[in-house]
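Let me begin by presenting the structure, written as structure tokens, before commenting on it.
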Amino acid sequence: MENMVNVFIMGKKYSVPSELTIMDAMEYAGYQLVRGCGCRNGFCGACASVYRIKGDPELKVGLACQTKVEENMYVAQIPAFPVVKQTYDINDIRPTEQIMMQLYPEIYSCIGCNACTKSCPQSLNVMQYIAYAQRGEYAKCAEESFDCVMCGICSSRCPAQISHPQVALLARRLTGKYIAPRSEHLEKRVDEIKNGDYAEPMKELMAKPLDELKNMYNNREIEK
Amino acid sequence: MSDALYTNEMLESIKKVEASRPSRIGFEPRRMTADEKEALLAKFHPDYRKENFETLAMGPNKGERVPEELASLLQAHSRIKAKDVDLKNPDYDVDVLVIGGGGAGSSAAIMAHENGADVMIVTKLRHGDANTMMAEGGIQAADKENDSPMIHYVDALGGGHFKNVPELLYKLVTEGPGAVKWLNDLGVMFDKEADGTMITTHGGGTSRKRMHAAKDYSGAEIMRVLRDEVINRGIPVVDFTAAIELILDENGKAAGAVLKNMETGELLVARAKTVVIATGGAGRLHYQGFPTSNHYGATADGLVLAYRVGAPLLYAYTLQYHPTGVAFPAQIFGALVTEKVRSLGAMLINSEGEAFMHPLETRDVSAASIIRECNERGKGIQTQNGYGIWLDTPMIEAIHGAGTIEKRIPAMLRMFLKYGYDMREKPILVYPTLHYQNGGIKIGADGMSDVENLFVAGEAVGGIHGENRLMGNSLLDIIVFGRNAGINAAAKAKTIDKTGKLTLDHIKRFDEELKAAGIKTDKVSPQLLPRYTHGNPKYEAK
């Protein structure tokens, strides 16, 4: 017999095998999930969950697909948390300090409580990346926030009402488009293709008989 | 964080892996010959297990074999009857209806919008809940000095067993650099050197290092940016709403879809001048009982919708089993371990500590080789769910230095660390997992299926990759063919002054065809979601 534990799913008690994740435990209990379930693999942020273990006041967080159940776990899901998402035309904005001030001025109300960092299921230093955003250091903000799955738990805990994942996304797009160095080899190749440089060689290649193509494939030189 | 729970057998085997490791650094195992690969695939690749396939008895691909789970959904009844909805008063009326909110659907919507179309996305889960989000390794594009679209073409053609549709593959390789530039200009953060040179690596079966990446969050980074762009443009996204039946006009052209709210069950009608199917793959159908690396909604819905209105499929018999799914621990069984782990130098090692194959053969060959090692040769390592093979991750830092794993594959490190396993110190156990639908709906170079005004993009398409896709050609295909479908669906919509009379007559016709073919089934499709109960006897007994 499997080792069973008691979990309280949104307050209701179920007995489930101890090796299951929160997500699997809900399904074991009989839920057909529609909300709160996405990639089941830790990448999409659909299954943000908050929980307490009986007797311990600490409020813990995790992704339901990546967190194992425990005895006397009280768990609730936050399948959608309303964050502020400002719209902008990426071609019209620039990585200036003012842009954050215009779009997400609430970041300057951060009181330094660090609740965001403590709540991040990806263990990101959320408060630090907000500090970088405040100073207009977008490349640093982008790097620090890169593994964000945009689950929104940080925003749910923030007394300053900051929408951290959206701030970070803006910083990353500014970094990718404007701050990171341009890739000249990429631009050159795109121009060559546009110029038709490969039209003829591609045509010749595609006209080759199958046996010749097979021969080319089986004897191609592989870069070390 | 939990504690690692290795079995004694695992610990003994790890010692052998560690003992042989120094001799493997700098050593490259031999690649298989064409004949060896062919023999291996025929004997061990799941696509060749005839007993798990069914021959279709009706429809556009009558007489062709497909996985039995897919056959039962293709040859099933609609979820609705024509009388269930009022086609005269559509709830939505747009130029372009995009079904699916992943990378392909979002790219299509952005380009349709860019080209002046009134476009809307419907998606059965959240916008961005898609395999795109989970693609870890990278995106191919021939943009380096020593590379060219021709070399990319030959790599993909050989990897696909020379079955790729030439005009689709041509598009993929010649528009690849443009697709990467488009993403870069939208603000996707690719890994680059200080001088701007893209950091590129090999994938299985590539002859040039053309795998561009954003750490091992490549797909997630692309999806986050595309989703943001869709929102910035004000493109409406109707989420938690599935397309459950296509609508045709009186001339048999696609003209919209019946939608179903996933939570309330409400039925809605969307009229559109053109429709783009971008519904993704089928991993959650668990062909042959395999676990999957796919997201929750990957149930081949688009193939079912298209088949019912008469659009033929291409190569629906061929699936991709990613060689390195997680075999252990059980909580992440079947999850993807990106090929980039092998690109960075980790080798596949059997229970005896032997490197039994070159780590970067194509995916079909690698998967078959792992299955052979476990099944025929008995050199797998037993786990709770079956067998696994070691992926010797500590080699990465032995080759590239400490810190490489955290820097280049942070998602992988985190996924295992959550359960107490540190891949920097000990190897991890892997086994093939159902990863990708190589086949799908047949399209032309314009992205349109054989049903007029019905376009298709992304994993739902068949033919681009032949019978086996190379790593990094899927993120590329969703962008190239997503953009293409969006542009052409918008252009086609402009030529249509007024959509004809909407009908669902095809439902009845299809039922009659089922009957004529002697198929008796009470199954309805598309499936929309899988159902899991994890061994609960209360549910599993039924």
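The values are calculated or read from the model by the stated rules, or taken from the named source; none is laboratory data. The structure presented is a predicted model; accordingly, all values stated were derived computationally and were not measured. Methodologically, a virtual Cβ is constructed for each residue, glycine included, from the backbone with ideal geometry; neighbour enumeration extends over all protein chains shown.
Structural remarks
- Against the test of being at pLDDT 95 or above, crowded, with 24+ Cβ neighbours inside 10 Å, among the small types (Gly, Ala, Ser) and in contact with a Ser or Thr (Cβ under 7 Å, 6 or more places away or on another chain), the options B:Gly128, B:Gly159 yield a single qualifying residue, B:Gly159.
- For B:Ala19, the stated conditions do not hold, so it cannot be described as surrounded by fewer than 18 Cβ atoms within 10 Å (Cβ to Cβ) and under 31 Å from the mean Cα position of the chain (by Cα).
- Complete set of residues in the range B:449-498 that are of a type in the set (Ser, Thr, Tyr) and more than 12 Å from the chain's Cα centre (by Cα): B:Ser449, B:Thr495
- Residue within the range B:238-258 that is at pLDDT 95 or above, facing chain A (nearest Cβ under 7 Å), buried (at least 19 other Cβ atoms within 10 Å of the Cβ) and over 21 Å from the mean Cα position of the chain (by Cα) present: no
- Filtered residues of the range A:172-206 (kept if acidic (Asp, Glu) and under 30 Å from A:Glu97 (Cβ atoms)): A:Glu184, A:Glu187
- Number of the exception - B:Pro67 against (1) out of contact with any Ser or Thr (no Cβ under 8 Å at 6 or more places or on another chain); (2) surrounded by fewer than 22 Cβ atoms within 10 Å (Cβ to Cβ): (2)
- Sole exception among (1) surrounded by 16 or more Cβ atoms within 10 Å (Cβ to Cβ); (2) more than 30 Å from A:Ile107 (Cα to Cα); (3) in contact with a Gly (Cβ under 7 Å, 6 or more places away or on another chain) for A:Glu184, by number: (1)
- For the range B:490-537, residues that are exposed (fewer than 12 other Cβ atoms within 10 Å of the Cβ), farther than 23 Å from B:Leu303 by Cβ and touching a residue at least 12 places away in the same chain (Cβ under 8 Å) total 1.
- In the range B:519-536, the residues that are farther than 18 Å from B:Gly281 by Cβ, away from every other protein chain (no Cβ under 14 Å) and of a type in the set (Ser, Thr, Tyr): B:Thr521
- For A:Leu124, the conditions (1) surrounded by 15 or more Cβ atoms within 10 Å (Cβ to Cβ); (2) within 11 Å of another protein chain (Cβ to nearest Cβ); (3) at pLDDT below 95 all hold with the exception of (3).
- Hits in the range A:6-42 - residues which are assigned to a loop (DSSP other than H, G, I, E, B) and more than 7 Å from chain B (Cβ to nearest Cβ): A:Met10, A:Gly11, A:Ser18, A:Tyr31, A:Leu33, A:Arg35, A:Gly36
- Selection of the range B:146-203 for residues being assigned to a strand (DSSP E or B) and facing chain A (nearest Cβ under 8 Å) yields B:Lys192, B:Met198.
- Evaluation of A:Asp89 against (1) modelled with pLDDT of 95 or more; (2) within 10 Å of chain B (Cβ to nearest Cβ); (3) surrounded by 13 or more Cβ atoms within 10 Å (Cβ to Cβ) (one fails), failing number: (3)
- Picking from residues in the range B:304-358 that are within 13 Å of chain A (Cβ to nearest Cβ) and in a loop (DSSP other than H, G, I, E, B), the one that is farthest from B:Gly462 (Cα to Cα) is B:Pro329.
- Checking each residue in the range A:209-224 for being exposed (fewer than 11 other Cβ atoms within 10 Å of the Cβ) and assigned to a loop (DSSP other than H, G, I, E, B) picks out A:Pro209, A:Asn219, A:Glu221, A:Lys224.
- The range B:204-228, residues that are within 7 Å of chain A (Cβ to nearest Cβ) and either closer than 23 Å to A:Gln166 by Cβ or buried (at least 23 other Cβ atoms within 10 Å of the Cβ) (or both): B:Lys215, B:Tyr217, B:Ala220, B:Arg224, B:Val225, B:Asp228
- Selection within the range A:167-224: residues that are among the hydroxyl-bearing types (Ser, Thr, Tyr) and over 22 Å from B:Glu221 (Cα atoms). The member of this set that is nearest to the other protein chains (Cβ to nearest Cβ) is A:Tyr217.
- Single residue of B:Arg24, B:Arg65 found to be under 26 Å from the mean Cα position of the chain (by Cα) and in contact (Cβ under 8 Å) with a residue 12 or more places away in the chain: B:Arg65
- Against the test of being outside any strand (DSSP E or B), free of Cβ contacts under 8 Å to residues at least 60 places away in the same chain and aromatic (Phe, Trp, Tyr), the options A:Tyr88, A:Tyr108 yield a single qualifying residue, A:Tyr108.
- Of residues in the range B:119-145 being within 11 Å of chain A (Cβ to nearest Cβ) and among the polar types (S, T, N, Q), the one nearest to B:Ser218 (Cα to Cα): B:Thr132
- The criterion of at least 2 residues that are within 23 Å of A:Cys39 (Cα to Cα) is met by the following strands (runs of 3 or more DSSP E) wholly inside the range B:390-482: B:428-437.
- Matching entry among A:Lys60, A:Lys13 (being surrounded by fewer than 22 Cβ atoms within 10 Å (Cβ to Cβ), outside the structural domain of A:Val149 (by TED's automatic domain parsing) and over 20 Å from the mean Cα position of the chain (by Cα)): A:Lys13
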